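Visitor: Dumping the structure here so I can ask a few things about it.
Rule-based calculations on the coordinates, nothing more; no lab input. Fair warning: this is a prediction, and the values are worked out from it, not measured in the lab. Here the Cβ is made from the backbone with ideal geometry for all residues, glycine too, and neighbour counts use every protein chain on show.
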Amino acid sequence: MALLLQDMRALDIKDLLENSRRVAIIPVGSTEQHGPHLPLGTDTYVAKMIAEDAGQITQALVCPPVWFGWSPHHMVLPGTITIRPEVLIEYLYDIIESLCKHGFNKIVLINGHRIVNIAWMQITAERAQRLLGARIVIFDPAYMSKEIASELEFGPIGHAEEIETSQMLYKYPELVHLEDALDNPIIPQELYSVDPKYRGDTLCYVPSTRSHMLDSVNKAGGTTGEPTKASSEKGEAYHHHLVSNLVRVIEQLSQV
């Protein structure tokens, strides 16, 4: 069973500090539209499921997830909640500072919100290492799954596409409405691919404009990619690959 901070007593923390080797995991996601077939919390569920499964193996402390991210481009559909990056930086820093004061000074930030979370998470991590003396690593599923994503013949990274849908089908099938999924194939963009498994990935991502997102909504309900190709079997293989890599990261971190 994963060691979930919200389920524990203050009395339990002292023993946990040694068993966890001072490692804590913070899942970070978003609450935003995910097409007509996936729940708004998909990004957070992705970060949460990886954290909990790896935490169960390593006995690292698993913190409650950060359910919100920077999602201005998804405000075209109801339910999306977007938080300013500067607010998110301060919020996450305060979480890390609290953990450090209790002795958890090795932190893994799991990013479930794709590339949009990375910039402000990096700023937070740098500040925490500099001011708190903590050791922070960011675990990004897209970058940690390049090999398995190619083996599974997943298409390009998009939004609510085959990859996210497959992982949700494996872990939270009751939240997936695959019968409502609509495909919106991704058209390659020269010099500006945003996909780690492509040699042409540039990481130079800027959140889409409202007009661009409206086009996605009109075509496929907010989806970019091909979710109809998703399967629970692919999701299982993809998920276990990520958990295995996270376990390795935690083991390396615990030796620092």
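Visitor: Determine Rg/Rh for the chain; Rg is computed over alpha-carbon atoms and Rh is the Kirkwood hydrodynamic estimate from the same atoms. If you can, show how the numbers build up before the last one.
Guide: On the way: Rg = 17.9 Å, Rh = 18.6 Å.
Using only Cα positions, Rg/Rh for the chain is 0.97.
Visitor: Name the trypsin sites (Lys or Arg not before Pro) in region 198-256 that are in a loop by DSSP and that have at most 13 other C-beta atoms within 10 Å, would you?
Guide: Values: sites: R199, R210, K219, K229, K234, R248; in loops: R199.
Hits after loop and neighbour filter: R199.
Visitor: Over the chain, calculate the relative contact order: mean separation of alpha carbon pairs under 8 Å at least 6 apart, over the residue count, as a percent. Can you show the working numbers first?
Guide: Details: 502 pairs, mean separation 60.8, N = 256.
The normalised contact order for the chain reaches 24 percent.
Visitor: Can you give the net charge of the other residues whose Cβ lies under 12 Å from the Cβ of I250, counting K and R as +1 and D and E as -1?
Guide: Net charge around I250: +3.
Visitor: Across the chain, how many lysine pairs, 8 or more apart or on two chains, come within less than 29 Å at their alpha-carbon atoms?
Guide: Qualifying lysine pairs in the chain: 27.
Visitor: Okay, next question. Over region 1-135, what is the relative contact order in whole percent, taking alpha-carbon pairs under 8 Å and six or more residues apart?
Guide: 31
Visitor: Once you list every other residue whose beta carbon is under 12 Å from the beta carbon of I50, what net charge do they have if Lys and Arg are +1 and Asp and Glu are -1?
Guide: Taking every other residue near I50 into account, the sum is -2.
Visitor: Counting only GluC sites (Glu not before Pro) that sit in a DSSP loop (anything but H, G, I, E, B) with at most 10 other Cβ atoms within 10 Å, what is the longest stretch of the chain containing none of them?
Guide: Maximal segment without exposed cleavage sites: 1-152.
Visitor: Moving on to the next point. Could you please report the charge total around E97, scoring K, R as +1 and D, E as -1 over all other residues with beta-carbon less than 13 angstrom from its beta-carbon?
Guide: The answer is +1.
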